[in-house]
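What follows is calculated from the coordinates using simple rules that are stated; it is not laboratory data. Note that the coordinates shown come from a computational prediction; the quantities given were computed from them, not determined experimentally. Neighbour counts are summed over all protein chains in view; Cβ atoms, including those assigned to glycine, are modelled from backbone coordinates with ideal geometry.
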Amino acid sequence: MNAKRRPIIAGNWKMNMTATQARDLASKLIPLVSGVKDRDIVLAPTFTSLQTVAEAIKGTNVALAAQNLFWEDKGAFTGEISAEMLLDSGCKYVIIGHSERRQYFGETDETVNKKVRQALNKGLLPIVCVGELLSEREAGKANNVIDRQITGALKGVTAAEMQKIVIAYEPVWAIGTGKTASPDQANEIHAFIRQKVKAMYTAEVADWLRIQYGGSVTPDNVSQLMAKPDIDGALVGGASLKPESFAALVTFK
Ligand code: 13P
């Protein structure tokens, strides 16, 4: 963490919970985190739970994110969801380019970029995910992959727009595996991302950029990760599905 950057902790609920279960989780979580003033808290339920969770968190210190969006404004795109629909459902943020979307749904650096630009154009704050596969890390190519993903995702994004973006570094081998990147391993890539953004924009833009770590973050390892200078928050899957464990994560010391 760096005192200049406000930490941001987000729960990515992935394809879990009905709207009823989501409402229950959100309403149990709110009293546990209501005293937190010095960091941003974000919940990303499925599309079908957005409105319900929006109602549950209304007037609280918890913000809403979607897990995806489509890059066109509207029209004949069966099964897709637009930025306007997300805004209307109460979303402030949108997760873009999660590795599960890249792996299972054919998302590429190009489509990630289209989504990032659409989100920015419409007033949603993108949480842009990057991360290497285990095979890429083992081949010594982690930095190359991250470099390519960052360059691709941010194509055409201005320095002013960069203030609205959060990057999430999620090594694919650490997601849902219980195998967290060590704080040093994570910080090394975070520092690399910050350097890259500095080269693409300015030192100031890089300095303000918030970079979350994601991949088997738990209440037990969050503090060591957050102690690192370039780690500014967490994007949490499994451990965000229980109010107590997500609250413990959000209130890390
Ligand atoms: P886990 O916390 O379950 O490893 O998931 C991380 C993730 O993919 C968050 O987007």
Unsatisfied cross-links (Cα-Cα over 22 Å) in the set Lys164/Lys198; Lys196/Lys228; Lys28/Lys122: Lys28/Lys122
List residues of the stretch 216-253, by number, whose backbone nitrogen lies under 11 Å from a label position 7 Å along Cα→C-beta of Lys92. none
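For the stretch 114-196, which trypsin sites (Lys or Arg not before Pro) are both in a DSSP coil and crowded by at most 11 other Cβ atoms within 10 Å? Mind showing how you got there, number by number?
Values: sites: Lys114, Lys115, Arg117, Lys122, Arg137, Lys141, Arg148, Lys155, Lys164, Lys179, Arg194, Lys196; in loops: Lys141, Lys155, Lys164, Lys179.
When the trypsin sites (Lys or Arg not before Pro) of the stretch 114-196 are filtered for loop state and at most 11 Cβ neighbours within 10 Å, nothing remains.
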May I ask you to sort Trp13, Trp71 by Cβ crowding, counting other Cβ atoms within 10 Å and putting the fewest first? Trp71, Trp13
Mind listing the long-range amide H neighbours of Ala63? Cut-off is under 5 Å, sequence gap 5 or more, other chains count too, H placed in the peptide plane at 1.01 Å from N. Ile41, Val42, Leu43
Which order do Tyr201, Tyr104, Tyr213 fall in if you start with the one that has the fewest other Cβ atoms within 10 Å? Tyr104, Tyr201, Tyr213
What aspartates and glutamates does Lys115 reach when the alpha-carbon gap must be under 15 Å and sequence neighbours fewer than 8 apart in one chain are set aside? Glu72, Asp73, Glu80, Glu84, Glu107, Glu161
How would you order 31-37, 16-22 from highest to lowest mean count of nearby Cβ atoms within 10 Å? 16-22, 31-37
When DSSP assigns beta bridges and you keep just the ones with both residues in the chain, what percent turn out antiparallel, to the nearest 5? 0 percent
Give the Cα extents of the stretch 161-253 along the principal axes, in whole Å, largest first. 39, 23, 20
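Rounded if a/c is under 1.5, else prolate if a/b is larger than b/c, else oblate: which is the chain, with a ≥ b ≥ c the root eigenvalues of its Cα gyration tensor?
Working: a/c = 1.43, a/b = 1.11, b/c = 1.29.
The shape class here is rounded.
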Just subtract the alpha-carbon distance of Glu244 and Glu110 from 0.36 nm times their residue separation and send over the number in nm, one decimal. 44.4 nm
